[in-house]
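Here the structure comes first, spelled out in structure tokens, and everything after it is commentary.
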Amino acid sequence: MSEDTTLIILAGGESRRMSKPKHLLLTAAGRTLIENLHERLSPMFTDSIVVGNDPDLTRFGIRTVRDLYPLHSPLVGIYSGLIASRSELCFVVACDMPFIDGELIQRLLSRASGSDIAVPIVGGYYEPLCAAYRRSTIPTIHAALDRGTLKVTDIYKHLRVRELGEHIIRQIDPELSSFINLNTPRELALLKHI
């Protein structure tokens with residue numbers, strides 16, 4: 001990938017079901033989910049950004065930006081990260097997806113050529129928090145947020161979207177581990193693997 005790219009880690013969720021901030025959950029190695037993702041993935045990118053409103057996020061030494069809208073939606077995090085990005089092409093990942101595969105990311109970034117968004121489809125649904133976004137999406141997202149649109153995939157119908165089908169994804173990640181996200185305390189046992 002010769003194009004400059006930015007990693008955007010979203011850490012702004014409310015973590016209601018987990019009952020504690022997910023970005024501060026610890027892996028078996030004693031690193032937070034953000035530290036784990038950044039350490040594994042940042043070598044693939046020109047720059048990294050963490051998006052979230054917790055003042056404690058700055059302790060990770062990664063460039064941090066706050067949400068630019070007072071709305072609870074990952075779309076706000078994507079928008080805020082894209083605005084702060086120094087590169088046209090970005091990869092967005094939720095901080096609670098610790099098993100994301102680097103080869104899958106590379107495939108999505110390369111698929112973004114000639115499009116605004118490159119997104120995986122798993123089980124017939126988009127995975128918008130594991131996708132490549134270009135800064136060309138900013139005006140569309142801005143307009144959507146001004147209308148009060150909160151669902152990320154609602155913007156897709158207004159943009160050039162390239163999909164990565166599940167059959168291709170399974171060649172890279174047969175168990176679809178990249179799409180495991182940690183939502184409840186019961187899933188914390190998965191952290192012993194990283």
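For (1) at pLDDT below 95; (2) of a type in the set (A, V, I, L, M, F, W, C); (3) open to solvent by less than 20 Å² (accessible area, probe 1.4 Å); (4) farther than 19 Å from residue 37 by Cα, each residue gets a yes or a no:
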| site | (1), (2), (3), (4) |
| --- | --- |
| 82 | no, yes, yes, no |
| 92 | no, yes, yes, no |
| 104 | no, yes, yes, no |
| 115 | no, no, yes, yes |
| 158 | no, no, no, yes |
| 167 | no, no, no, yes |
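In the stretch 170-180, the residue that is surrounded by the most Cβ atoms within 10 Å (Cβ to Cβ) out of those that are assigned to a helix (DSSP H, G or I) and more than 17 Å from the chain's Cα centre (by Cα) is 172. Restricting attention to the stretch 137-159, the residues that are outside any helix (DSSP H, G or I) and under 19 Å from the mean Cα position of the chain (by Cα) total 4.
Quick grid of which residues meet (1) within 19 Å of residue 179 (Cα to Cα); (2) modelled with pLDDT of 95 or more; (3) out of contact with any Gly (no Cβ under 9 Å at 6 or more places or on another chain):
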{"residue": "19", "(1), (2), (3)": "no, no, yes"}
{"residue": "35", "(1), (2), (3)": "yes, no, yes"}
{"residue": "78", "(1), (2), (3)": "yes, yes, yes"}
{"residue": "96", "(1), (2), (3)": "yes, no, no"}
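Anything in the stretch 18-34 that is within 28 Å of residue 4 (Cα to Cα) and without any contact (Cβ under 8 Å) to a residue 60 or more places away in the chain? List them, or say none.
Residues satisfying the conditions are 31, 32.
Within the stretch 35-59, residues that are closer than 14 Å to residue 85 by Cα and of a type in the set (Phe, Trp, Tyr) reach partners that are at pLDDT 95 or above and open to solvent by less than 10 Å² (accessible area, probe 1.4 Å) with beta carbons closer than 8 Å, at six or more positions or on different chains, in the pairs 45/5; 45/6; 45/7; 45/91. Here the condition is being part of a loop (DSSP other than H, G, I, E, B), open to solvent by less than 10 Å² (accessible area, probe 1.4 Å) and not β-branched (Val, Ile, Thr); of 98, 120, 128, 70, it holds for 98 alone.
Within the stretch 115-128, residues that are in contact (Cβ under 8 Å) with a residue 12 or more places away in the chain and more than 21 Å from residue 88 (Cα to Cα) have Cβ atoms under 8 Å from residues that are part of a strand (DSSP E or B) and open to solvent by less than 10 Å² (accessible area, probe 1.4 Å) in these pairs: 121/164; 126/119; 126/120, counting only partners at least 6 apart in sequence or on another chain.
Would you check if residue 86 is touching a residue at least 60 places away in the same chain (Cβ under 8 Å), in a loop (DSSP other than H, G, I, E, B) and among the charged types (D, E, K, R)? First the steps, then the outcome.
Values: touching a residue at least 60 places away in the same chain (Cβ under 8 Å): yes; in a loop (DSSP other than H, G, I, E, B): yes; among the charged types (D, E, K, R): yes.
Answer is yes for this residue.
The values are calculated or read from the model by the stated rules, or taken from the named source; none is laboratory data. Keep in mind the model is a prediction, meaning the values are calculated, not measured. All Cβ positions, glycine included, derive from the backbone under ideal geometry; neighbour counts span all protein chains shown. Just the protein is used for accessible areas: all its heavy atoms, side chains included, with ligands, DNA and RNA removed. Shrake-Rupley method; radii C 1.70, N 1.55, O 1.52, S 1.80 Å.
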